[in-house]
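Right, one structure below, let's go through it.
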Amino acid sequence: MESLNMVAHASETERRTFYRRTYAHVALGILAFIAAEWVLLNNVSEHFIFSMISSQWIWLMILGIFYMVSMFTDRLTMSPDRNVQYMGLILYAAVQAVIFLPIIYIALNYFGGAIIQQAAVMTLALFGGLSAVVFLTKADFSFLRTGLIIGSFVALGIIVGGAIFGFTVGLWFMVGMVVLAAGSILYETSQLKYHYHTEQFVGAGLRLFASLMLLFYYVLSILMRFAGRD
């Protein structure tokens, strides 16, 4: 009987409702992120922001907290309690705002808000295109899982190594992270069709939101890198 609640076995109306609710919660995550970022930009001191940029130990601590919170909030959004699910989504969006604080601050103060808008438009266009690929081709991208796991560990190792040993990642790393984020969007979108229950739209929305934010971070990083050469 439990299989009847799976999206793959649901009626066409139930599937459409699940997809609509999932993407509505991606949008909710984006709005929560924007609100949290606005609060941080207007209340956190420049000294703390620059310490996040200049101190590898503070940045490593923040990254460690982020990964622990990410695992915690993922579990929250899969809870049977809807209030707990929303708490997980909002908490994750707030922690994402902390991670983005240095890059958003630099973008606003050194490049202007237009570059953030450009990155957002490019990110949403890529997200929409990749999502369309999954739904229009009816392909199952579950095979990407192993590659995404390996790629994520390699990327984490490079980021941690850079923080400890003081080297900066290059353009090719950023491009690689865009590819990794794109693969994650394909994988998570494919998961919507085959591996969720119809009531798990908050958790599904969070995982898509996480992939979207990863893509946005590195699209913005690439644009800032090229803008800095002008």
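The values are calculated or read from the model by the stated rules, or taken from the named source; none is laboratory data. These figures come from a predicted structure and were not determined experimentally. Don't worry about glycine lacking a Cβ; one is built from the backbone with ideal geometry, like all the others, and counts go over all protein chains shown. Side chains included, ligands, DNA and RNA excluded: accessible areas come from the protein's heavy atoms. Shrake-Rupley method; radii C 1.70, N 1.55, O 1.52, S 1.80 Å.
Quick look at the values:
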item: Residues of the stretch 22-61 classified as more than 18 Å from the chain's Cα centre (by Cα) and not hydrophobic (A, V, I, L, M, F, W, C), total; result: 9
item: Residue ID - most open to solvent (accessible area, probe 1.4 Å), chosen from residues in the stretch 139-161 that are of a type outside the set (A, V, I, L, M) and in contact (Cβ under 8 Å) with a residue 40 or more places away in the chain; result: Arg145
item: Residue list for the stretch 162-188, filter: more than 26 Å from Ser54 (Cβ to Cβ) and modelled with pLDDT under 90; result: none
item: Helices (runs of 4 or more DSSP H) enclosed by the stretch 11-99 - at least 3 residues per element that are out of contact with any Asp or Glu (no Cβ under 6 Å at 6 or more places or on another chain), open to solvent by 50 Å² or more (accessible area, probe 1.4 Å) and within 30 Å of Phe165 (Cα to Cα); result: 46-54, 56-77
item: Answer from Leu108, Leu124 - the residue that is closer than 24 Å to Leu206 by Cβ and among the hydrophobic types (A, V, I, L, M, F, W, C); result: Leu124
item: Residue in the stretch 101-110 that is under 24 Å from Val178 (Cβ atoms), open to solvent by less than 30 Å² (accessible area, probe 1.4 Å) and not hydrophobic (A, V, I, L, M, F, W, C) present; result: yes
